[in-house]
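Structure first, commentary second.
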Amino acid sequence: MQQTDEPQEHFHVVVNDEEQYSIWQEGRPLPAGWNATGHSGTRDECLGKVAEMWTDMRPRSLRERHGEAR
């Protein structure tokens, strides 16, 4: 494993109203419509959390519409 003296960037896991997930660099203001989930860490840690949490890639509105049609 390569060691580096550079500090690792930290990120937040964020979610929008359609329950779509992403990561956002710590210290930057969140874009409109996105909210922090409370999970933060390195880029890899946050991407792992997104993969764990975001199991259905369809937007919430589409999932709800699909569920109502049944």
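Values quoted throughout were computed directly from the atomic coordinates according to the rules given, and no laboratory measurement underlies them. Computed from a predicted model, the values in this text were never measured in an experiment.
Please give the helix 60-69 orientation as an angle from the longest Cα principal axis of the chain, in degrees from 0 to 90, rounded to the nearest 10. Approximately 20 degrees, to the nearest 10. With contacts taken as Cα pairs under 8 Å at a separation of at least 6 residues, the chain carries a relative contact order of 33 percent. Please determine, in degrees from 0 to 90 and to the nearest 10, the orientation of helix 43-53 with respect to the longest principal axis defined by the Cα atoms of the chain, where the helix direction is its Cα long axis. Orientation of helix 43-53: about 20 degrees from the principal axis.
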